[in-house]
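In what follows, a structure is listed as structure tokens, so that the remarks can point back to it.
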2 protein chains.
Amino acid sequence: MSIRIGIMGYGNIGRAVECAIRQNPDMELVAVFTRRPPKSVSILTEGVCVRHADDVLQMKEEIDVLVLCGGSATDLPAQTPELAKHFNVVDSFDTHARISEHFANVDAAAREGGTLAVISCGWDPGMFSINRLYARAILPEGKDYTFWGKGISQGHSDAIRRIKGVKNAKQYTIPLESALNAVRNADTTAFTPRQMHLRECFVVAEEGADTQRIEQEIKSMPNYFADYDTVVHFISEEELLRDHSGIPHGGFVIRSGKTGWENENTHVIEYNIKLDSNPEFTASVIIACARAAYRMKAEGLTGCKTILDLPPAYLSPLSGEELRNTLL
Amino acid sequence: MSIRIGIMGYGNIGRAVECAIRQNPDMELVAVFTRRPPKSVSILTEGVCVRHADDVLQMKEEIDVLVLCGGSATDLPAQTPELAKHFNVVDSFDTHARISEHFANVDAAAREGGTLAVISCGWDPGMFSINRLYARAILPEGKDYTFWGKGISQGHSDAIRRIKGVKNAKQYTIPLESALNAVRNADTTAFTPRQMHLRECFVVAEEGADTQRIEQEIKSMPNYFADYDTVVHFISEEELLRDHSGIPHGGFVIRSGKTGWENENTHVIEYNIKLDSNPEFTASVIIACARAAYRMKAEGLTGCKTILDLPPAYLSPLSGEELRNTLL
């Protein structure tokens, strides 16, 4: 019997979750829920219903795990605790500074409902967190660095779009080879933001806008750009659509550490990913975590977990014996 | 209260486990057990006793986790099941083809004894296995490759030493950049062994030995060398000791896969390690797994586990809350 999945929210992540389910024969999509009029939403999977978000409780008995695909700013902080009272849920809440608060809210709701929730699944938080954890546990005397990119930063692109005279914009975060290579050689310097990442912006200006002023406003924007070397290109809307419509991303977690009685030996652990589609990779992690949520619930566990609490074996469709025979 | 560790076997791994314990303030070494006369064995940690392996049961009450540091060929297949009847144990059994059999034996013993055992901790099997698992779970439609090195292969070095006229030898396994880069670019070719790894041998010949014959015997040795490009250098014993006494190793696990409704997007996940000391890195993984074993036992779990069954959080000395606040 397959794991019956519901999708709440049909944006980039929701659609990517739908695609990921099709790659996992032990799973089945049973419904997509949306706040839009259901008839206005057309999904990819044949024979699966689209229903209004308000009707989700009516399908409680038909859904094993509900995947929450809303945004971290306002959707998930309310949605995940509310729905965890009724469903096993998985979300990709990614506001690092508020994870503890979100965890506490979801944990209380899931315990009340006797459900199992997994929050903050994706790659950062997510696979990058797991890799920071393993590397620190293995090499306690060392230092790790996380680099992001090359990829589109939604937050930085939005920040540029808010500038007067900007019609559209995309911002790429680019890790600097010089810092990457230093860290790979066990350098444990305290790099500045400027030494680790470059910011490259592709901006479509409104007709007649003062591009020099726009460039200056971007480069001096506190938090977002002022601490980085920032390159600004003005391009046409056509060029933006043609060359910068993808949502690639990626990054690196690298830790070096010392071992030996006199700390005489050095080791370097690196994890890196290169993604054509940020939402599709995130969705693929979410779906593996949904499998783990289903199994943990089947074992009688309830409450909130993060990806750090999930035994790796639970993310795989293979049995323990198959895993020991084929990949251990 | 710290986790009280015993070490069974004081070779390369045993000594490295001793060093690793010192880096983990929540752990304490309480005894080293050896089959040699205990007085002949001098360890690094002050105030810790060395006792004969036969006396290990006498310290049953003083040890939380016994770390088994024997070899996989003959020591561990007997030792781990025997000692799992009395102690929580961790080993680094690394004969891939016999893991299932070893697991079954250890599981039966641990259930009988009401203990918790973790087998096959290290990097392959170990961290590489975990990374194969995560990458396959996230990208089910794809292909992965494991490369080893650059590093000393003990088995291949031993094979050379068995050749007549060879006094000493070290063999380095070297991954080929051409295959590495192809795989990093999502190439899913079925590479031959020769396309993936080079074997470089440093050989000390006995005086008057026929080096041409030795080189020919190495290069034509089935399984070990015949399927690879092999380079043989004859050097002096002095040079071997001076330049090739370390035990470096490392390697790469790389998986590429497709996502999207039409499989239109490609992703690449890479994990790699570069180690000055193979046994010290292995020991560092073992010790993190010993922490997990201790915790799982404290929760009432018994039986045999592998590193694939351990929730990542259990390997860290930090609490769940600390992990969510600092690295999730």
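Readers should treat all values here as calculations from the given coordinates under stated rules, not as data from a laboratory. Please read these numbers as outputs of a predicted model, since none were measured by experiment. Cβ coordinates were reconstructed from backbone atoms using ideal geometry, including for glycine residues, and neighbour counts include every protein chain displayed.
Between the residues A:THR230, A:THR189, A:ALA209, the greatest Cα displacement towards the positive end of the dipole of the range A:169-281, with unit charges on the Cβ of Lys, Arg, Asp and Glu, is found for A:THR189. For the range B:191-231, treating each Cα as an identical point scatterer without solvent, what Debye log10 I(q)/I(0) comes out at q = 0.20, 0.24, 0.26 1/Å? Log-scaled intensity ratios, in q order: -0.62, -0.80, -0.89.
Shape of the range A:208-264 from the C-alpha gyration tensor: oblate (a/c of 1.5 or more and a/b not above b/c, with a ≥ b ≥ c the square roots of its eigenvalues). Calculated FRET efficiency, A:VAL41 and B:GLU322, Cβ-Cβ r, R0 41 Å, to nearest 0.05? Rounded to the nearest 0.05, the efficiency is 0.50. Each of B:GLU28 and A:ASP55 was given a label point 7 Å from its Cα along the Cα-to-Cβ line. The distance between the two points is 6.4 nm. Per residue of peptide B:137-146, the mean number of Cβ atoms on other chains within 10 Å of the residue Cβ is 5.
Compute the whole-percent fraction of alpha carbon pairs in the range A:13-148 spaced more than 17 Å apart. Write down the numbers at each step before the final one.
Values: 5936 of 9180 pairs.
Taking all Cα-Cα pairs of the range A:13-148, the fraction more than 17 Å apart is 65 percent.
Mind running the shape call on the range B:72-193? Use the C-alpha gyration tensor, a ≥ b ≥ c as the square roots of the eigenvalues: rounded below 1.5 for a/c, prolate if a/b tops b/c, oblate otherwise. Oblate, since a/c reaches 1.5 and b/c is not below a/b. Position B:GLU46: other-copy label points at 7.7 nm, ordered by increasing distance, label point 7 Å along Cα→C-beta. Along the range A:11-26 the Karplus relation, 6.51 cos²θ - 1.76 cosθ + 1.60 evaluated at θ = phi - 60°, assigns HN-Hα couplings of x, 3, 6, x, 5, 5, 5, 4, 5, 5, 4, 5, 8, 10, x, 8 Hz to successive residues, with x for each Gly and Pro. Over the protein assembly as shown, the fraction of Cα-Cα pairs per 10 Å bin, rounded to whole percents and listed from the shortest bin up, is 3, 14, 23, 25, 19, 10, 5, 2, 0.
Mind checking which of B:VAL41, B:VAL30, B:VAL17 has the largest fluctuation in a GNM of chain B, springs on alpha carbons under 10 Å? Residue with maximal mean-square fluctuation among B:VAL41, B:VAL30, B:VAL17: B:VAL41. In nanometres and ascending order, the distances from the A:ASP229 label point to those of the other copies are 3.7 (point 7 Å from Cα along Cα→Cβ).
Please give the net charge around A:PRO312, taking every other residue with its beta carbon less than 13 angstrom from that of A:PRO312, where Lys and Arg add +1 and Asp and Glu add -1. Please list the in-between numbers first.
Numbers: positive: A:ARG291, A:ARG295, A:ARG324, B:ARG132, B:ARG136, B:LYS305; negative: A:ASP309, B:ASP309.
Neighbourhood net charge equals +4.
Could you work out the mean count of beta carbons from other protein chains within 10 Å of each residue's beta carbon in A:245-258?
Values: counts 0, 1, 1, 2, 0, 3, 0, 1, 1, 1, 0, 1, 3, 3.
Shielding by partners across A:245-258 averages 1.
For the options A:GLU238, A:GLU206, A:GLU280, a Gaussian network treatment of chain A with springs between C-alpha atoms closer than 10 Å singles out A:GLU238 as fluctuating the most. Based on the Kirkwood approach, the hydrodynamic radius assigned to the range A:241-317 is 15.9 Å, with every pair of different Cα atoms included.
Partner shielding of B:20-26 amounts to 3, given as the average count of beta-carbon atoms from other chains within 10 Å of each residue beta-carbon.
Taking a straight Cα-Cα cut-off under 21 Å and skipping sequence neighbours fewer than 8 places away in the same chain, the lysines within cross-link reach of B:LYS164 are B:LYS219.
Taking K and R as +1 and D and E as -1, what net charge do the other residues with C-beta under 15 Å from the C-beta of B:LEU44 add up to? List each step's numbers first, then the result.
On the way: positive: B:ARG15, B:ARG22; negative: A:GLU262, A:GLU264, B:GLU18, B:GLU28, B:GLU46, B:GLU280.
Summing Lys and Arg as +1 and Asp and Glu as -1 gives -4.
Gain in length, B:ARG194 to B:LYS164, computed as 0.36 nm per residue apart minus the alpha-carbon separation, to one decimal in nm?
Working: separation 30, 0.36 × 30 = 10.80 nm, distance 2.59 nm.
Extra length available between B:ARG194 and B:LYS164 comes to 8.2 nm.
Toward the positive end of the charge dipole of the protein assembly as shown, with +1 on the Cβ of Lys and Arg and -1 on the Cβ of Asp and Glu, the farthest Cα among B:GLY257, A:GLY246, B:TYR172 is that of B:GLY257.
Percent of Cα-Cα pairs more than 18 Å apart in the range A:42-118, please.
Numbers: 1195 of 2926 pairs.
The proportion of pairs with Cα distances above 18 Å equals 41 percent.
For chain A, a/c is not less than 1.5, where a ≥ b ≥ c are the root eigenvalues of the C-alpha gyration tensor, and a/b does not top b/c. That puts it in the oblate class. What is the antiparallel percent of DSSP beta bridges lying wholly in the protein assembly as shown, to the nearest 5? Looking only at bridges with both residues in the protein assembly as shown, the antiparallel portion is about 55 percent.
Quarter the surface of the alpha carbon convex hull of the range A:190-328 and you get the mean projected area, 15.0 square nanometres. Spin-label pair B:ASP227-B:GLU62: with each label point 7 Å from Cα along the Cα-Cβ axis, the two points sit 4.9 nm from one another. Springs join every pair of Cα atoms under 10 Å in this Gaussian network model of chain A, and among A:GLY14, A:GLY47, A:GLY303 the largest mean-square fluctuation is at A:GLY47. Within chain A, A:CYS19, A:CYS49, A:CYS69, A:CYS201, A:CYS304 have no other Cys Cβ under 4.7 Å of their Cβ and so lack a disulfide-compatible partner by this rule.
With a Förster radius of 25 Å, plug the Cβ-Cβ distance of B:SER100 and B:LYS143 into 1/(1 + (r/R0)^6) and report the FRET value to the nearest 0.05.
0.55
What's the local net charge at A:ASP64, with K and R +1, D and E -1, over the other residues with C-beta under 13 Å away?
Working: positive: A:ARG4, A:LYS60, A:ARG291, A:ARG295, A:LYS297; negative: A:ASP26, A:GLU28, A:GLU61, A:GLU62.
Spelling it out: positives minus negatives among the neighbours equals +1.
Amide H contacts under 5 Å for B:ALA226: B:MET221, restricted to partners 5 or more places along the chain or on a different chain, H placed in the peptide plane at 1.01 Å from N.
Of the cross-linked pairs A:LYS305/B:LYS305; A:LYS60/A:LYS297; B:LYS143/B:LYS258; A:LYS258/B:LYS305, which ones have a Cα-Cα span greater than 19 Å in the structure shown?
Working: A:LYS305/B:LYS305 21 Å; A:LYS60/A:LYS297 15 Å; B:LYS143/B:LYS258 10 Å; A:LYS258/B:LYS305 28 Å.
Listed pairs above 19 Å: A:LYS305/B:LYS305; A:LYS258/B:LYS305.
Could the peptides B:144-153, A:153-162 be put in order, highest first, of the mean number of other beta-carbon atoms found within 10 Å of their residues?
Averaged packing, sorted descending, gives the order B:144-153, A:153-162.
The range B:29-99 and the range B:192-220 have Cα centres separated by 37 Å.
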